[in-house]
Amino acid sequence: MNKIFLLSTVAAMACFVCSNANAETNLEANGEAKVKIVDAVALAHTGTALNFGEAMSAEAHDITVDPSTGEVTSTANNQMVSAPADGRDEFKITGPKDKHVTLVIPTAALNLDDAGNVKVKTWTSKPEAGDVAIGADGTIVKIGGTLAVAKGAATAEYSKPYTVQVNY
């Protein structure tokens, strides 16, 4: 009798193993979808103008505004009538802290008169044009440049808009 019981137990176990061998095992785990929405990158003009001051045109000369200090200098100081304490223009870049953007300043000369006798011939910036990281409170961009005044340029007040870009 023990043999019959043992054989029937072994047969039952074999059937159980066979039926479980074909059973499908489903395992599950959960993931997470996540996003943080941050402020968009923005560029604002926060200055007044790139100001080269007041100058005469009895002789040709260049007037330079240093973007680091704002100092206005001339290659012919006797032609300068007055210079602002700070001639720089200013822009502010805002957006996510440490986001890298590309600062683009003008590269071409900008004629302030129709004849080309008064023109911004070079442009400079602080920070320099190119890759710029946005700071926690934004990044201030100071614009400077060199203005060429031709001998005999007409007496007038000159101004023209220019464009600064941020690409990201």
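Below are the figures for this structure:
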read-out	value
Cα-based Rg of the chain normalised by 2.2 N^0.38 Å, two decimals	2.35
Angle in degrees between helix 2-21 and the longest Cα principal axis of the chain, rounded to the nearest 10	20
Dipole of segment 16-150, positive end: most advanced residue of GLY135, THR48, TRP123 [Cβ charges, Cα centre]	GLY135
Spatially proximal lysines relative to LYS92 (Cα-Cα < 17 Å; intrachain offsets below 8 disregarded)	LYS126, LYS142
Partners for LYS119 among aspartates and glutamates (Cα-Cα distance below 13 Å; same-chain residues under 8 apart left out)	ASP62, GLU157
Most mobile listed residue (LYS92, LYS34, LYS121) in the chain, GNM with C-alpha springs under 10 Å	LYS34
Unit charges on C-beta of K, R, D, E only; dipole of segment 84-134, Debye	140
Fluctuation leader among VAL81, VAL141, VAL149 - the chain, Gaussian network, Cα springs under 10 angstrom	VAL81
Segment 86-145 - Rg (one decimal) and Dmax (whole number), Cα, Å	13.9, 44
Distance between modelled label sites at THR122 and THR73, nm, 7 Å Cα→Cβ extension	1.2
Surface per residue (accessible, 1.4 Å probe) for the chain, Å²	68
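The values are calculated or read from the model by the stated rules, or taken from the named source; none is laboratory data. All of these numbers come straight from a predicted model, not from anything done at the bench. We place every Cβ from the backbone using ideal geometry, glycine too, and count neighbours over all the protein chains shown. Side chains included, ligands, DNA and RNA excluded: accessible areas come from the protein's heavy atoms. Shrake-Rupley method; radii C 1.70, N 1.55, O 1.52, S 1.80 Å.
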